[in-house]
Amino acid sequence: MTEIPEHLLKRAQAARDKAASPSDASASEGGDRIPDALLDRTKASGAGAAVVAAAPAGGVPVGAGPGGHTQRLLTVVKSGSIQEAKAAPVDKVHTWPHLLAVEFVAGLALTAFLFVFSWVVNAPLLQAADFNNTPNPSKAPWYFLGLQELLTMFHPMIAGVTLPGMGLVALILAPYLDRNASNKPEDRKFMTSMMTMFLIFWAVLTIIGSFFRGPGFNFTFPWRDGIFFEL
Amino acid sequence: MAKVLDNPRPTLKERAAKIGAQIQGSQAWNSIFRPGSIFRKGYTDSPRNRSYVIMNSVLYHLHPVKVKRHAVKVSYTLCLGGLSFFVFILLTVTGIFLMFFYRPTGANAWQDIQTLQTSVTFGLLIRNMHRWGAHIMVLTVFLHMARVFYHGAYKPPREFNWVIGVILLTLTLLLSFTGYLLPWDQLALWAVTVGTNMMGYTPVFGSQVRFVLLGGVEIGSETLLRWYVLHVLMLPFVIVIFMAIHFWRVRKDGGISGPL
């Protein structure tokens, strides 16, 4: 237990005495616990301009410190530490209904599209797998046809492993290599054009592999020899 | 007004409304829909209830109560990420349906698909939806990646979520590729032959990787079983974990990026 300092005990006793002593006749009336000094002050503030004049009439307020002060300065806090706003307020909307409604409609539209498309177009099912009958041409699924197209140009280790591996690593490392902090399109023309070139390169390879490769994976024109492509 | 008093018998509409109100006021109903739900009795459109719709429902695992105003613009996201997730759910549902009619063995697989298409109610439709849905998912995931890149959304603090996104793209391709073999027709067999031959050229441990994936030196019944388990169990399990982290990080990194 810490000792309560002598002067604080004295001050508390003095305040208690002051509160207990009836300074006015009305204070002894039952149930009225509001000190007269406060009532007087309320009355005075109601009177408006008479505040300053009325305050001394009530005497020293209850609980006042030395010199009659009712407030004490405990510490000075620099404004920056508590008042500085960290982030500008963000313009936000409620997720319901603004986002959920959009998501619901998008999901519904996609389901409808998939349903109708699946109703009209049948998925391919060719003859049962036969190890003794290799179809010509044999093609990978469309998303790998860019790789298969690379196979015509490079050694399989380069086309099938090294280049796609490098592509994946480059994608993963993109945020760590791109030191430009801006997300404004006009500030990132280099990265935008790099990605666009990458995508176009890939799309062209895939399209050639899909539609311009016939028997023996030789180059053909789809309008001349037909399309050798299954989804 | 006088007419209503003349005929005190409640109309069918009034009776239906009364029953509806009784159901909505019942303990069972209110035990299902938490306070603030739009299905609860007396739902009103107030800011407080708009918050409760998210905060008091399972959706709170996915969405915050409020999002940036520009984030709900369709022209910004094109809904691509959400749609990828949604197609994944559609694929799970249709895929479970297909599993009831399919045996992953060389002797049965193709015949099961044939039977599914010809003798099972909605079998052909569901198989079509699964097949086309898979292509759509590859497409939406890929376009989502392009969209995120062009918005510079991979920049700090979202670098790691981009990495998870690349992993998700890879897993999507693997899911699609493993599913490609399962019909066990000429298209499946030889497409996968072409694809796995490329894998064999991985330096150092290429033939080992190929052996493990094929369950042998050539594609066969073992490959079918292996890829089936990968397709219906292992890869979905892994992709769901990465999706959970992906969606969680979107929120932790301060919602979607932008505005530009």
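The values are calculated or read from the model by the stated rules, or taken from the named source; none is laboratory data. In this text, all values refer to a predicted model and were calculated from it rather than measured experimentally. Cβ placement follows ideal geometry from the backbone for every residue including glycine, while neighbour counts extend to all protein chains displayed. We work out accessible area using only protein heavy atoms, side chains counted, and drop any ligands, DNA or RNA first. Shrake-Rupley method; radii C 1.70, N 1.55, O 1.52, S 1.80 Å.
Among (1) within 11 Å of chain A (Cβ to nearest Cβ); (2) open to solvent by less than 10 Å² (accessible area, probe 1.4 Å), there is one condition B:L214 misses while meeting the rest; what is its number?
It fails just one condition, (1).
Regarding the stretch B:162-178, can at least one residue be identified that is surrounded by fewer than 19 Cβ atoms within 10 Å (Cβ to Cβ), facing chain A (nearest Cβ under 8 Å), in a helix (DSSP H, G or I) and of a type in the set (F, W, Y)?
Checking the stretch B:162-178: not a single residue is surrounded by fewer than 19 Cβ atoms within 10 Å (Cβ to Cβ), facing chain A (nearest Cβ under 8 Å), in a helix (DSSP H, G or I) and of a type in the set (F, W, Y).
Quick check: is even one residue across the stretch B:89-100 more than 22 Å from the chain's Cα centre (by Cα) and touching a residue at least 12 places away in the same chain (Cβ under 8 Å)?
Residues of the stretch B:89-100 that are more than 22 Å from the chain's Cα centre (by Cα), as a first pass: none.
Scanning the stretch B:89-100, I find no residue that is more than 22 Å from the chain's Cα centre (by Cα) and touching a residue at least 12 places away in the same chain (Cβ under 8 Å), so the answer is no.
Kindly establish whether B:F205 is of a type in the set (F, W, Y) and crowded, with 21+ Cβ neighbours inside 10 Å.
On the way: of a type in the set (F, W, Y): yes; crowded, with 21+ Cβ neighbours inside 10 Å: no.
No, not satisfied.
Which residue is farthest from B:Q24 (Cα to Cα), if the candidates are limited to the stretch B:34-55 and must be over 30 Å from the mean Cα position of the chain (by Cα) and not in a loop (DSSP other than H, G, I, E, B)?
By that ranking, first place goes to B:P47.
Got a number for residues in the stretch B:137-153 being under 15 Å from A:P141 (Cβ atoms) and crowded, with 20+ Cβ neighbours inside 10 Å?
Number satisfying all stated conditions: 3.
Need pairs with beta-carbon distance below 8 Å; first residue in contact (Cβ under 8 Å) with a residue 12 or more places away in the chain and within the stretch B:73-85, second part of a loop (DSSP other than H, G, I, E, B); sequence gap 6+ or separate chains.
Here the result reads B:Y76/B:H151; B:Y76/B:I256; B:Y76/B:G258; B:Y76/B:P259; B:T77/B:I256, each pair linking the stretch B:73-85 to a residue that is part of a loop (DSSP other than H, G, I, E, B).
Could you check, for the stretch B:99-113, whether at least one of its residues is aromatic (F, W, Y), open to solvent by less than 60 Å² (accessible area, probe 1.4 Å) and either in a loop (DSSP other than H, G, I, E, B) or within 28 Å of A:V105 (Cβ to Cβ) (or both)?
Just the residues of the stretch B:99-113 that are aromatic (F, W, Y), to begin with: B:100-102, B:110.
Then drop every residue that is not open to solvent by less than 60 Å² (accessible area, probe 1.4 Å), which leaves B:102, B:110.
This time we only want the ones that are either in a loop (DSSP other than H, G, I, E, B) or within 28 Å of A:V105 (Cβ to Cβ) (or both), so: B:102.
Checking the stretch B:99-113: at least one residue is aromatic (F, W, Y), open to solvent by less than 60 Å² (accessible area, probe 1.4 Å) and either in a loop (DSSP other than H, G, I, E, B) or within 28 Å of A:V105 (Cβ to Cβ) (or both).
Within the stretch A:1-42, take every residue that is polar (S, T, N, Q) and assigned to a helix (DSSP H, G or I) and give me the one that is modelled with the highest pLDDT.
Initially, the stretch A:1-42 is screened for residues polar (S, T, N, Q), giving A:2, A:13, A:21, A:23, A:26, A:28, A:42.
Subsequent filtering for residues that are assigned to a helix (DSSP H, G or I) retains A:13, A:26, A:28, A:42.
On the way: A:Q13: 89, A:S26: 45, A:S28: 45, A:T42: 71.
The residue in question is A:Q13.
Which of the residues belonging to the stretch B:101-128 are touching a residue at least 60 places away in the same chain (Cβ under 8 Å) and hydrophobic (A, V, I, L, M, F, W, C)? Steps first, please.
First pass over the stretch B:101-128, keeping only residues touching a residue at least 60 places away in the same chain (Cβ under 8 Å): B:102, B:104-107, B:109-110, B:113.
Answer for the stretch B:101-128, where residues must be touching a residue at least 60 places away in the same chain (Cβ under 8 Å) and hydrophobic (A, V, I, L, M, F, W, C): B:A107, B:A109, B:W110, B:I113.
Let me spell it out: the conditions are (1) open to solvent by 70 Å² or more (accessible area, probe 1.4 Å); (2) in the same structural domain as B:L171 (by TED's automatic domain parsing), and B:P47 meets all of them except one. Which number is the exception?
Going through (1) open to solvent by 70 Å² or more (accessible area, probe 1.4 Å); (2) in the same structural domain as B:L171 (by TED's automatic domain parsing) one by one, B:P47 breaks only (2).
On the given criteria, is B:P156 open to solvent by 40 Å² or more (accessible area, probe 1.4 Å) and not in a helix (DSSP H, G or I)?
Working: open to solvent by 40 Å² or more (accessible area, probe 1.4 Å): yes; not in a helix (DSSP H, G or I): yes.
Taking the combined requirement at face value, the residue satisfies it.
Rundown of residues vs (1) under 16 Å from the mean Cα position of the chain (by Cα); (2) of a type in the set (V, I, T), yes/no style:
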position: B:M129; (1), (2): yes, no
position: B:A134; (1), (2): yes, no
position: B:F142; (1), (2): yes, no
position: B:A146; (1), (2): no, no
position: B:F160; (1), (2): no, no
position: B:T172; (1), (2): yes, yes
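Quick one: would you say B:S84 is assigned to a loop (DSSP other than H, G, I, E, B) and out of contact with any Cys (no Cβ under 8 Å at 6 or more places or on another chain)? Spell out how you get there, then give the answer.
Values: assigned to a loop (DSSP other than H, G, I, E, B): no; out of contact with any Cys (no Cβ under 8 Å at 6 or more places or on another chain): yes.
Spelling it out, it is not the case that B:S84 is assigned to a loop (DSSP other than H, G, I, E, B) and out of contact with any Cys (no Cβ under 8 Å at 6 or more places or on another chain).
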